[in-house]
Amino acid sequence: MDITSLSVFENRCWVNGQWISAQETLEVKNPLDNSILTTVPVLDDVVIEQALLDAEIAQKKWKNVATGERSRLLRNWFDLLIQHQDELATIMTLEQGKPFKEAKGEIAYAASYVEWFSEEAKRAYGDIIPSNATSEILVFKEAVGVCAAITPWNFPAAMITRKVAPALAAGCTILVKPASETPLTALAIAKLAERAGFPAGVFNVLTGSSTRIGQIFTQSPIVKKLSFTGSTETGVKLMAQSAPTIKKLSLELGGNAPVLVFNSANLDQAVQGVMDTKFRNAGQTCVCANRIYVQSEIYDAFIEKLKVKVEALKVGNGLDPDTDIGPLINRKAILKVEEHIQDALSKGAILVAGKTQNSDANWCVPTLVKDVTQDMLCAKEETFGPFAPIFKFENEAQALAMSNDTEFGLASYVFTQDMNQFIRVSRGLEYGMVGVNTGLISNAAAPFGGVKSSGIGREGSKYGLDEYLEIKYVCIGNIS
Ligand code: NAP
């Protein structure tokens with residue numbers, strides 16, 4: 001597959017309505033075989049600083065564009081994303097590795113944020129608050145201003161649109177730095193934004209050194225808000241760097257999702273739910289099941305059923321239509337999964353399905369291990385790979401205590417047919433999101449986000465628009 005033949009292929013940056021190159025470049029590789037797909041620019045500081053100035057000028061005009069017009073442009077962009085779904089998915093599979101069918105799903109999911117916020121653009125309602133006979137309290141919602149976004153490689157399209165679409169809907173302009181592993185999906189999306197008709201400087205994609213771009217974004221007083229999705233470690237750094245300029249922040253950080261399967265669960269539903277949340281994107285999602293807690297009465301039966309499904313997963317080239325699990329993003333990712341598997345086995349866990357890796361390839365065989373305990377690495381850290389560790393529990397209180405025994409609080413899942421139990425357990429889970437009898441919780445209409453070290457703020461839903469709006473209170477007094 002020649003990536004350059006795709007009509008949405010682009011390897012230059014999209015800055016202030018221009019496609020720009022740089023002398024210095026970085027390589028973009030296919031994780032399947034580490035072959036070089038192309039190179040993208042490493043922008044220098046002068047260009048990045050100028051991009052901020054241009055985005056500031058553009059924002060002054062963009063915030064005054066009628067909401068109906070902003071909505072129309074977003075809708076154009078949505079239509080183009082859907083029309084080019086196959087091409088965009090091909091680029092994503094080539095640079096990220098996820099199976100083509102999943103990549104297509106991500107493009108539809110990414111586009112759904114653009115559609116959702118094209119509609120929400122018209123609904124940034126303010127308030128009139130009752131006061132007294134001689135005054136009126138008015139609340140206006142205004143665009144935050146110039147925003148910056150830094151995104152990860154695991155969802156190269158959706159992590160961009162769920163920041164850019166609400167920003168543009170609200171009247172903000174935005175500069176995005178995509179992950180260095182997956183800039184081509186971001187640039188392809190920008191190419192379609194250009195065709196959709198957004199004015200120059202409203203949406204920009206900048207590639208290059210993450211630390212330099214991160215420093216410029218966070219230090220600049222022009223940038224009023226930073227939205228970051230990635231590891232908690234990087235989120236902590238960016239939060240500290242943003243402190244001197246008091247930026248608004250949205251941080252979507254790491255997870256360590258528990259799945260609780262109770263005795264009353266519908267077993268087939270629970271097994272399918274675990275397959276959906278554990279093995280999507282080869283286990284490289286922030287909402288991936290990281291720890292699977294199963295109640296003692298159904299423990300063996302659940303593992304038997306899950307084993308059959310895990311063993312049926314096909315590992316291979318993402319462009320092959322039969323592939324369920326593509327390559328992991330890089331060697332470091334493989335080594336982390338290996339470390340978690342070896343640690344669990346060395347501390348007494350039992351291998352049920354899969355095997356450990358010992359080749360140089362970027363493959364990781366889906367692996368299921370039982371009798372895992374809280375002292376093992378996989379109980380504490382995000383594995384980010386196709387490794388499913390099963391823990392046994394006796395009662396609800398114990399399951400809740402083990403689930404909450406982590407610094408993270410992004411997604412969690414519960415499988416039970418007992419209505420009182422799912423309400424009790426949903427209340428008891430210290431997480432931003434709870435999936436009940438389902439492993440699929442992402443939806444543009446829902447508020448996505450975490451608590452504790454998993455972040456600040458929500459993306460998607462009506463709350464996602466508020467993240468790009470400031471409240472202004474106007475008091476009208478002395479009314480006679
Ligand atoms: P990462 O290393 O933090 O990288 C994420 C982004 O930050 C990339 O664009 C990276 O650029 C950039 N970056 C790295 N160091 C930086 C620095 N010092 N200053 C500025 N930017 C910097 O995370 P990752 O390994 O790519 O992503 C996986 C993590 O993201 C997991 O922990 C996952 O749970 C989390 N995640 C969370 C959500 C959520 O919604 N909560 C969604 C998806 C993923 P380069 O690529 O150029 O290094």
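Values quoted throughout were computed directly from the atomic coordinates according to the rules given, and no laboratory measurement underlies them. A quick note: this is a predicted structure, and the numbers were derived from the prediction, not measured. Cβ atoms come from the backbone with ideal geometry, glycine included; neighbour counts cover every protein chain shown.
Residues whose amide H comes within less than 5 Å of that of S412, counting only those at least five positions distant or on another chain, are M433, V434, G435 (H built at 1.01 Å from N in the peptide plane). Here the Karplus relation 6.51 cos²θ - 1.76 cosθ + 1.60, evaluated at θ = phi - 60°, turns the backbone of region 387-398 into coupling constants of 10, 10, x, 10, 10, 9, 9, 9, 9, 4, 4, 5 Hz, with x for every Gly and Pro.
Between A149 and L175, V176, K177, S227, the built amide H atoms are under 5 Å apart, and every one of these is 5 or more places off in sequence or on another chain. Compute the helix-to-body angle for 85-96: its Cα long axis versus the longest principal axis of the chain, expressed 0 to 90° and rounded to tens. Computed tilt is about 60 degrees. When both bridge partners sit in region 257-436, DSSP labels roughly 15% of those beta bridges antiparallel.
With the cut-off at 1.5 for a/c, could you classify the chain from its C-alpha gyration tensor as rounded, prolate or oblate?
Working: a/c = 2.04, a/b = 1.33, b/c = 1.53.
Note, shape of the chain comes out oblate.
Listed here are the pairs K278/K347; K177/K380; K61/K191; K163/K452; K278/K452; K63/K225; which of them are more than 19 Å apart at the Cα? Checking Cα-Cα distances, K278/K347; K177/K380; K61/K191; K163/K452; K278/K452 exceed 19 Å. Between N132 and A66, the modelled label-to-label distance comes to 4.1 nm, taking each label 7 Å out from Cα in the direction of the beta carbon.
Only beta bridges with both residues in the chain are counted; by DSSP, about 45 percent of them are antiparallel. The separation of region 383-439 from region 19-34, counted between C-alpha centres, amounts to 40 Å. Taking the helices alone, the chain has a mean residue ellipticity at 222 nm of -12500 deg cm²/dmol, built from -39,500 (n - 2.57) per DSSP H run of at least 4 residues and averaged over all its residues.
Put simply, the amide H of L26, placed in the peptide plane, has neighbours under 5 Å in V40, V42, leaving out anything fewer than 5 places away on its chain. Checking the a/c ratio against 1.5 first, then a/b against b/c, what shape does the Cα gyration tensor give for region 257-436? Since a/c reaches 1.5 and a/b is larger than b/c, the shape of region 257-436 is classed as prolate. Which aspartates and glutamates, if any, have their Cα less than 20 Å from the Cα of K462, not counting same-chain residues under 8 positions apart? Of all the aspartates and glutamates, those that pass the test against K462 - Cα under 20 Å, at least 8 places apart if same chain - are E69, E115, E119, E120, D127, E142, E252, E470. Here the Karplus relation 6.51 cos²θ - 1.76 cosθ + 1.60, evaluated at θ = phi - 60°, turns the backbone of region 453-460 into coupling constants of 6, 8, x, 9, x, 10, 10, x Hz, with x for every Gly and Pro. Between the listed residues A111, A51, V65, the Cα displaced farthest toward the positive end of the dipole of region 1-128, a dipole computed from Cβ unit charges relative to the Cα centre, is found at V65.
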